[in-house]
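Participant: First the structure, then my questions, so here it is.
FYI, it's all coordinate maths here, none of it is from the lab. Quick caveat: nothing in here was measured; it's all calculated off a predicted structure. Reconstructed Cβ throughout: ideal geometry from the backbone, glycine too, with neighbour counts over all protein chains shown.
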Amino acid sequence: MDDTISRQAAIDALHTHLMYRMGTDSNKKRLDEWINNLPSAQPEIIRCRDCDWWTKQPDSLQGRCALSGTYPTGGFFCGNAKQRPYPCDPEKNQDCSKTGCYINGGECRHTLNKEYAREEDE
């Protein structure tokens, strides 16, 4: 069975179960964490503007999709999207161990997280 449910709904249902209410606080915390760490059943949607296949066209909301040969707007999406890497700002990217980072002699210069992207004028 492949039903999609809310993690929070599962936690709420678990909290009403007698065995859960009788458990220790550490066991309750572990169960809550286990449910929260389950993979999402909803796929991540990558918009064309963030896809590696898409190139924005000058003076237009549209861009060319190299994969399909079409010209969708940046807000469109499809099942073949490939997350575009961003030039990484190692100062912003506190989650990275930086073992392969260019600042440590490695080759990595990119991130898939837009929050850690280097500003355009840098």
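Participant: Restricting to DSSP H runs of at least four residues, report the calculated mean residue ellipticity at 222 nm for the chain, -39500 (n - 2.57) per run over all residues, nearest 500 deg cm²/dmol.
Facilitator: Working: 3 runs with 26 residues, N = 122.
About -6000 deg cm²/dmol.
Participant: For a quick check: with amide H placed at 1.01 Å from N, whose amide H comes under 5 Å from Trp53's, ignoring anything fewer than 5 positions away on the same chain?
Facilitator: Excluding prolines and chain starts, which carry no amide H, the hits are Lys82.
Participant: Do any trypsin sites (Lys or Arg not before Pro) in the range 47-88 lie in a loop, going by DSSP, with at most 13 other beta-carbon atoms within 10 Å of their beta carbon, and if so which?
Facilitator: Answer in residue order: Lys82.
Participant: OK, next. Using only the alpha-carbon atoms, how far is helix 25-36 inclined from the longest principal axis of the chain? Give it as 0 to 90 degrees, nearest 10.
Facilitator: Between the helix axis and the principal axis of the chain, the angle is about 40 degrees.
Participant: A further question follows. State the number of lysine pairs found in the chain whose Cα atoms come within less than 27 Å, restricting to pairs 8 or more positions apart or on distinct chains. The partial results should precede the final answer.
Facilitator: Details: Lys56/Lys82; Lys56/Lys92; Lys56/Lys114; Lys82/Lys92; Lys82/Lys98; Lys82/Lys114; Lys92/Lys114; Lys98/Lys114.
Count of close lysine pairs: 8.
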